[in-house]
Amino acid sequence: MALVYIVEDDIDIREMETYALKSAGLSVDAFADSERFFETLAVRLPDMVLLDIMLPGRDGLEVLKELRESPATQTLPIMMVTAKTSEADRVKGLDSGADDYLIKPFGIMELVSRCKALLRRANRLMPVLAYETIEMDDDRHRVTADGVDVELTFKEYALLKYLLENSGTAVTRERLMDAVWGFAFTGETRTVDMHIKTLRKKLGPSGALILTVRNVGYQLGR
């Protein structure tokens, strides 16, 4: 699963970006300032950075400059996010080493699409996920089971994708709720059970690969 770091001081925008990218199947860590971002960066490199320009302390362009000067992050995909709309501002960001530029306000679908496109260009996405008779082509948003196309809803697709990415591992209902429905979801864990039941049915014989782990949750395969 591709990991995206978000650096954004506005909590509402930061939470919206986090929710959107997690719902799209990406792993996300978010930071309100560059200090915590660089501390985490020293421990683990992401596959992409979503970087706001207007930040407290060092602004986004300074952060971008530092990232491009470091051998470890010279080629790291970086998308700048800003409310600045003038051509001069966009050119400055791109000339400083940004790979793409997103202007506020923006739609969730555009954010997800642009991030995935950047990750694909950098070969940071694994578009095809598979386990035995189940295959998911994430670029085409296509699922097959035993060679037959399976039509899934958005949530069923996200649920199956998470199980595929964590195949062989028992996943709790709470973890599935957080990954598929997001931190703001307040429903009961029974929602997960209902979606698993429908997903198994749609997958036909391959649905038996989704195992119930007693007192825990679910697991794809052993």
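Rule-based calculations on the coordinates, nothing more; no lab input. Just so you know, these numbers come straight off a predicted model, no measurement behind them. Positions of Cβ are backbone-derived with ideal geometry, glycine not excepted, and every protein chain shown enters the neighbour counts.
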Query raised in the report: Distance in nm between label sites at residue 128 and residue 3, each 7 Å beyond Cα in the beta-carbon direction?
Result: 2.7
Query raised in the report: Convex hull over the alpha-carbon atoms of the chain: what's its volume per residue in Å³?
Result: 132
Query raised in the report: Assuming a viscosity of 0.692 mPa s and a temperature of 37 °C, what translational diffusion coefficient in µm² per second does Stokes-Einstein assign to region 128-220, Rh being the Kirkwood radius over Cα pairs?
Result: 249
Report task. Taking H placed 1.01 Å from N in the peptide plane, check which residues at least 5 places from residue 30 or on another chain put their amide H under 5 Å from its amide H. Result -> 6
Query raised in the report: What's the lysine pair count for the chain at a Cα cut-off below 19 Å, pairs eight or more apart or interchain?
Result: 17
Query raised in the report: On full extension of the chain, what length is gained from residue 39 through residue 191, given 0.36 nm per residue of separation minus the C-alpha to C-alpha distance?
Result: 51.0 nm
Query raised in the report: For the chain, what relative contact order do you get, as a whole percent, if you take Cα pairs closer than 8 Å and at least 6 residues apart?
Result: 16
Query raised in the report: Based on the Cβ-Cβ distance from residue 59 to residue 139, what FRET efficiency comes out when R0 is 25 Å, to the nearest 0.05?
Result: 0.10
Report task. Between 134, 11, 78, find the one with the highest GNM mean-square fluctuation for the chain; connect C-alpha pairs within less than 10 Å. Result -> 11
Report task. Search the structure for amide H atoms under 5 Å from the amide H of residue 80, placed 1.01 Å from N in the peptide plane, and list their residues when 5 or more places away or on another chain. Result -> 51, 99, 100, 101, 102
Query raised in the report: Using a Förster distance of 22 Å, how high is the FRET efficiency between residue 117 and residue 10, based on the Cβ-Cβ distance and rounded to 0.05?
Result: 0.40
Query raised in the report: What translational D, rounded to a whole number of µm²/s, comes out for region 94-180 from Stokes-Einstein when the hydrodynamic radius is the Kirkwood one over Cα pairs, at 20 °C and 1.002 mPa s?
Result: 142
Query raised in the report: Given a cut-off of under 8 Å on Cα pairs at least six residues apart, what relative contact order in percent is computed for region 3-121?
Result: 23
Report task. Give me the distance in nm between label points sitting 7 Å out from Cα along the Cα-to-Cβ direction at residue 222 and residue 109, one decimal. Result -> 4.4
Report summary line: For region 70-79, in residue order, the Karplus 3J(HN,Hα) values (coefficients 6.51, -1.76, 1.60; θ = phi - 60°; whole Hz; Gly and Pro = x) are 8, x, 6, 10, 4, 9, 5, x, 10, 10
